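Okay, so here's the structure we're looking at.
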Amino acid sequence: MLALPGAFAAELPGIPEFIDEMVSKHQFKHDELVQVFQEAQHRQEVIDAMNKPSTLKPWLEYRASFINPKRIDGGIRFWQKHAAALDRAEKPYGVPQEIIIAIIGVETLYGRNAGTYRTLDALTTLTFDYPRRVDFFRSELEQYLLLAREQGFDMLSIRASYAGAMGIPQFMPSSYRKNAVDFNGDGKIDLMTGEEDAIGSVANYLRQYGWKPGEPVAVRAQNGDGNRP
């Protein structure tokens, strides 16, 4: 039954123990989490997508999905719309505006394709029915519950990619908690619809992971004997 798309996931092995851990470790209310996970759905298509990711395509086939008039034109419009925010992000974080725009364009086409799966469904499916990366997704599910509590999210309403990446920049829950910033100063961090918060958060993410202004962002690949192809 669990192999059927949309089947409820509550009977997946490990969920009761996970709930108990969240209660003891983070003081969640047991009954509330039980109710939430009773609504979670097992999504077989999430596992199928993980097993056959589009990124396995050769670059010559993959390239056309990102370097095309639609994405370039969208990037120009996004840049024009958010010129001030992009300029403001470049200065403190040291990340060029075109890099920020390119990442948002690649990830979600400037917010248009931010994901159709419920985050809880995707992460629950991958935590309890995808043993290849169970530790990673179990941690991300934990981070998602914490994020939802901190941000006041309805755990059942937030949408994500099949891997659980959320919002305009496609941050995993751990990255959302660690690297997202309130860049428009409205007192909340909104990566789901907040384009300025997404801009600042992408820049902050790159800085936190070692971005150095003015240094190369790519090097020419070499084959095994050290010669360039």
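Results, tabulated for the structure shown:
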| read-out | value |
| --- | --- |
| Euclidean distance of C-alpha centroids, region 133-169 and region 12-84, integer Å | 8 |
| Estimated [θ] at 222 nm from DSSP helical runs (n ≥ 4, -39500 (n - 2.57)) normalised by residues in the chain, nearest 500 | -16000 deg cm²/dmol |
| Protein accessible area in the chain, 1.4 Å probe - carbon and sulfur % | 53 |
| Members of K70/K188; K91/K188; K91/K178; K29/K178 lying beyond 29 Å, as alpha-carbon distances in this model show | K70/K188 |
| Environment charge of D190, counting only residues whose C-beta is closer than 12 Å and scoring Lys/Arg +1, Asp/Glu -1 | -4 |
| From the coordinates shown, P(r) over Cα pairs in 10 Å bins from 0, in percent corresponds to which of (i) 6, 22, 26, 20, 15, 8, 3, 0; (ii) 8, 32, 36, 20, 5, 0; (iii) 7, 28, 31, 22, 10, 1, 0 | (iii) |
| For peptides 191-203, 147-159, sequence by mean Cβ density within 10 Å, most packed first | 191-203, 147-159 |
| Folded to 0 to 90 degrees: helix 30-39 orientation relative to the chain principal axis, Cα | 70 |
| Computed E for I76/V134 - FRET, C-beta separation, R0 41 angstrom, nearest 0.05 | 0.45 |
| Debye, to nearest 20: dipole size of region 132-226, +1 on Lys, Arg Cβ, -1 on Asp, Glu Cβ | 360 |
| Solvent-accessible area per residue, Å², over the chain with all protein chains present [probe radius 1.4 Å] | 55 |
| Total charge dipole magnitude, region 1-155, about the Cα centre, Cβ charges on Lys, Arg, Asp, Glu only, Debye to nearest 20 | 860 |
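The values are calculated or read from the model by the stated rules, or taken from the named source; none is laboratory data. Note that the coordinates shown come from a computational prediction; the quantities given were computed from them, not determined experimentally. Cβ coordinates were reconstructed from backbone atoms using ideal geometry, including for glycine residues, and neighbour counts include every protein chain displayed. Side chains included, ligands, DNA and RNA excluded: accessible areas come from the protein's heavy atoms. Shrake-Rupley method; radii C 1.70, N 1.55, O 1.52, S 1.80 Å.
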